[in-house]
Amino acid sequence: MSDDRKYWLDDRQNITKVVWGLVILCGILFVADAFYDKHPHFIAETYFGFFGIFGFVVCVGLVLTAKVMRILLKRGEDYYDD
Amino acid sequence: MTINPALILILGAIPIPLLRGPFRASYLLILPLIGLGFAFSLEPGLHWSVNIMNYDLELLRIDRLSQVFSYIFFFAAFLGNLYTLKDDDPVQQIATQVYAGSAIGAVYAGDLITLFVFWELTAVSSVFLIWARRTERSYQAGMRFLIIQVGSGVLLLGGLILLVRDTGSIAFDFLGVTSPGTALIFVAFGIKCAFPLLHNWLQDAYPEATVGGTVILSVFTTKLAVYALARGYAGTEMLIWIGATMTAFPIFYAVIENDLRRVLSYSLNNQLGFMVVGIGIGTEMSVNGTVAHAFTHILYKALLFMSMGAVLLRTGTIKGSELGGLYKTMPLTAAFCLVGAASISAFPLFSGFISKSLILTAAADEGRWLTWGVLLFASAGVFHHSGIKIPFFAFFAHDSGRRVKEAPWNMLLAMSIAATLCVGIGVWPQPLYNILPFPLDFNPYTTPHVINQLQLLFFSGLAFTWLMRTGYYPPEMPSVNLDCDVVYRKLLPRLARQFFAKFEALDQLTRRLALECIQRLITGIFRRTGPQGVLTRTVTVGAMVLWVIVLLGVYLVLYLI
């Protein structure tokens, strides 16, 4: 199999296009909150764009916490090989 | 008497070594399907009662709960056999049939003694899927796995004995944590279900199994435990926070783990958490949710493990730091992996969505906002590490330059069947809803529900993209992350070594002093009672005669006087 074949995703500009696509999609989903009737169980669900903001914030929190955990928990690959 | 479908698999393992080539392959594909056919044909009720030593053993209890688990177990055995069809390894193939069969036998068990027997049989048979990799590392991991699994069985037996002493009953129905006996059984189930702090055997052992072994392992052991908890402990409040913890903490590890099959093991643990919460809530809706989630989870998790297995098979590594760009030469595997990723992330139209929704809705219906919030966090997190990280680092990310062949046809076929079902159940959930334990009237596809879920997922994806682009995302790097197995793999052995090192010195000293005392005692005794001792000196006959003559002489002299 040839190594030099160019794929669409090899072009960094195309990756940027994908990212912008995602941003636009998120924008549409955020605005969509204005156009349907909610059936909330909890007050938080009534906040505009709650699920989007929640998802973004907890994921950033998750990754940054995991990064701190890595400082404490990371060992060499042969840690258990006596 | 009706045939127990579990025995079809267990006894069906016997002729495997005698069959060769296409005969063995066909046999392995047909065997679980025959079992599945029998499972479908069984009517609810108790079909096989045996009285042994005044205990009524129920070997084949058919009800809606046992039925749904038996269906998916048989089908997963079929998928597993298809996936491993090209492995000419009778040990692994026999182990698979016995393992799947005993898990099904445990699901059919109507009493705790039968449950115990099959419970231990799953432990003993499954370890061969780890050992089948035939490396020192897998041998060690298998040993740890076996000790913990058999330990779970021993606790089950202990609890069973206490329970029989208290109540005289061996029936396996609702138990509840009400006595020492039922508490022990609860812990036994908890070990197999990978409760927090009892969980680490899973992440330790599963990634060390063979390519196909991990797929098969991911199906049975933990879902058997979920079944057992649903049967015995539905509505146990404690399970809600145990489950919520399980959904949340493994995802932190999943983010920084480099071995992608270990990442999947952490996310398996997280998915079990959702099921455990459903059992803890204990309403009809939530228990249905748990069962539905176990069903869909078996398929998408097996699919994810299959795709990573194919990567391991073709590249020889499964470390995120060494992979990337594989979509170029493994496009089908990548596509199937993406279907699995979308399903575990609960995207609308994929299977995870229609099952996880039941559990979240049940939590919300009960007004449990904290549980609901944790589950929502875990839902976003699972997308982050299983939905994005797994396909991203294996198939996309930086190009590793590896240009390997696409997976073999049997693996692709197994993945395509699992992927079709993931989409099929997601699009058309009603057939699954119809076989759940309780009647269910639920529509997951309401506008708010779909939009809210999409918001949650896409914004999580946005967070990943932002962290990646800005360089905040922790890179994949070769490492081991400490989890609680450090206690029994490092800490306890070290403590034991230190103890024995100190103990040895003390031991030497004590022994030397004791030997010295004994030596002195012996010398003392010897001096007094040895050949030269005052008390035991020997005297010759001649000397004796001389003394007698002397005494007689003295006597004679005295007499004369």
**Message:** facing chain B (nearest Cβ under 7 Å), within 21 Å of B:L370 (Cβ to Cβ) and either surrounded by fewer than 12 Cβ atoms within 10 Å (Cβ to Cβ) or among the small types (G, A, S) (or both): is that true of A:G61 in this structure?
**Reply:** no
**Complete:** Considering residues that are within 22 Å of B:F73 (Cβ to Cβ) and of a type in the set (V, I, T), the number found within segment B:201-249 is 9
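Test of understanding: among B:G282, B:G325, which residue is of a type outside the set (D, E) and free of Cβ contacts under 8 Å to residues at least 60 places away in the same chain?
B:G282
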**Asked** Consider B:G213 against the criteria (1) surrounded by fewer than 24 Cβ atoms within 10 Å (Cβ to Cβ); (2) of a type outside the set (A, V, I, L, M, F, W, C); (3) out of contact with any Asp or Glu (no Cβ under 8 Å at 6 or more places or on another chain): it satisfies all of them except one. Which criterion is unmet?
**Response** (1)
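Please note which helices (runs of 4 or more DSSP H) are completely contained in segment B:150-236 and include at least 1 residues that are in contact with a Cys (Cβ under 8 Å, 6 or more places away or on another chain).
Numbers: elements: B:180-192, B:200-205, B:211-233.
So the answer is B:200-205, B:211-233.
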**Fill in**
Screening B:F438, B:F377, B:F383, B:F392 for residues that are in contact with a helix residue (DSSP H, G or I) (Cβ under 6 Å, 6 or more places away or on another chain), closer than 23 Å to B:N258 by Cβ and hydrophobic (A, V, I, L, M, F, W, C) leaves only B:F383
**Message:** For segment B:384-397, which positions are under 23 Å from the mean Cα position of the chain (by Cα) and either of a type in the set (A, V, I, L, M, F, W, C) or not in a helix (DSSP H, G or I) (or both)?
**Reply:** B:I390
**Fill in**
For A:D81, the lone unmet condition from (1) surrounded by 12 or more Cβ atoms within 10 Å (Cβ to Cβ); (2) at the interface with chain B (Cβ under 9 Å from one of its Cβ atoms) is (1)
**Prompt:** For B:M415, are the conditions met, namely being touching a residue at least 60 places away in the same chain (Cβ under 8 Å) and outside any helix (DSSP H, G or I)?
**Reply:** no
**Complete:** Of the residues in segment B:202-226, those that are within 16 Å of B:G273 (Cβ to Cβ), touching a residue at least 60 places away in the same chain (Cβ under 8 Å) and of a type outside the set (V, I, T) come to B:L202, B:Q203, B:S218, B:K223
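So which of B:S400, B:S321 ends up being in contact with a Pro (Cβ under 8 Å, 6 or more places away or on another chain), polar (S, T, N, Q), surrounded by fewer than 23 Cβ atoms within 10 Å (Cβ to Cβ) and modelled with pLDDT under 95? Give the steps one after another, and end with the answer.
Details: B:S400 fails: in contact with a Pro (Cβ under 8 Å, 6 or more places away or on another chain).
Going through B:S400, B:S321 in turn, the sole match is B:S321.
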**Item:** All positions within segment B:352-373 that are within 11 Å of chain A (Cβ to nearest Cβ) and either polar (S, T, N, Q) or assigned to a loop (DSSP other than H, G, I, E, B) (or both)
**Value:** B:T361, B:E366, B:G367, B:R368
**Message:** With the structure loaded, tell me whether B:F172 is buried (at least 24 other Cβ atoms within 10 Å of the Cβ), outside the structural domain of B:K301 (by TED's automatic domain parsing) and on the phi < 0 side of the Ramachandran plot or whether it fails that test.
**Reply:** no
**Prompt:** Between residues in segment A:11-37 that are facing chain B (nearest Cβ under 10 Å) and over 27 Å from B:D399 (Cα atoms) and residues that are aromatic (F, W, Y) and surrounded by fewer than 12 Cβ atoms within 10 Å (Cβ to Cβ), which pairs lie under 9 Å by C-beta distance while being six or more apart or on different chains?
**Reply:** A:F30/A:F48; A:D33/A:F48
**Request:** Could you grab me the full set of residues in segment B:34-57 that are among the charged types (D, E, K, R) and touching a residue at least 40 places away in the same chain (Cβ under 8 Å)?
**Result:** B:D56
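Restrict the check to segment B:194-205 and report whether at least one residue is farther than 18 Å from B:V487 by Cβ and surrounded by 20 or more Cβ atoms within 10 Å (Cβ to Cβ).
Kept after step one, since they are farther than 18 Å from B:V487 by Cβ, are these residues of segment B:194-205: none.
The answer is no, given that none of the residues of segment B:194-205 is farther than 18 Å from B:V487 by Cβ and surrounded by 20 or more Cβ atoms within 10 Å (Cβ to Cβ).
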**Prompt:** When you go through A:K17, A:K67, A:K6 one by one, which is the residue that is modelled with pLDDT of 90 or more and farther than 29 Å from B:G373 by Cβ?
**Reply:** A:K17
**Message:** Residue pairs, Cβ under 6 Å, 6 or more apart or interchain, first in segment B:84-97 and basic (K, R), second surrounded by fewer than 21 Cβ atoms within 10 Å (Cβ to Cβ) and part of a helix (DSSP H, G or I). List them.
**Reply:** B:K86/B:N410
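Name the single residue that is nearest to the other protein chains (Cβ to nearest Cβ) among those in segment B:225-266 being basic (K, R) and in contact with a Pro (Cβ under 9 Å, 6 or more places away or on another chain).
Let us first name the residues in segment B:225-266 that are basic (K, R), namely B:231, B:261-262.
Pick out the ones that are also in contact with a Pro (Cβ under 9 Å, 6 or more places away or on another chain) and you get B:261-262.
Details: B:R261: 15, B:R262: 12 Å.
Ranking the candidates gives B:R262 first.
Among helices (runs of 4 or more DSSP H) lying entirely in segment B:421-538, which contain 1 or more residues that are within 13 Å of chain A (Cβ to nearest Cβ) and either free of Cβ contacts under 8 Å to residues at least 60 places away in the same chain or farther than 30 Å from A:C59 by Cβ (or both)?
On the way: elements: B:430-434, B:447-470, B:492-529.
Hits in segment B:421-538: B:447-470, B:492-529.
Just checking, does segment B:406-415 include any residue being of a type in the set (D, E), farther than 29 Å from A:C59 by Cβ and within 12 Å of another protein chain (Cβ to nearest Cβ)? Steps first, please.
We begin by selecting, within segment B:406-415, every residue of a type in the set (D, E); these are B:406.
Now restrict to residues that are farther than 29 Å from A:C59 by Cβ: B:406.
Then keep just the ones that are within 12 Å of another protein chain (Cβ to nearest Cβ); that gives B:406.
So far as segment B:406-415 goes, yes, one or more of its residues are of a type in the set (D, E), farther than 29 Å from A:C59 by Cβ and within 12 Å of another protein chain (Cβ to nearest Cβ).
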**Prompt:** Of these, A:R75, A:R5, which one is more than 23 Å from B:S379 (Cβ to Cβ) and more than 7 Å from chain B (Cβ to nearest Cβ)?
**Reply:** A:R5
**Complete:** Checking B:R489, B:R520 in turn, the sole residue that is among the charged types (D, E, K, R) and surrounded by 11 or more Cβ atoms within 10 Å (Cβ to Cβ) turns out to be B:R489
**Prompt:** A:V23: among the hydrophobic types (A, V, I, L, M, F, W, C), at pLDDT 90 or above and either surrounded by 12 or more Cβ atoms within 10 Å (Cβ to Cβ) or under 21 Å from B:G381 (Cβ atoms) (or both), yes or no?
**Reply:** yes
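The values are calculated or read from the model by the stated rules, or taken from the named source; none is laboratory data. From a predicted model like this one, the values you see are computed outputs, not experimental measurements. With ideal geometry, Cβ positions are generated from the backbone for all residues, glycine too; neighbour counts draw on all protein chains shown.
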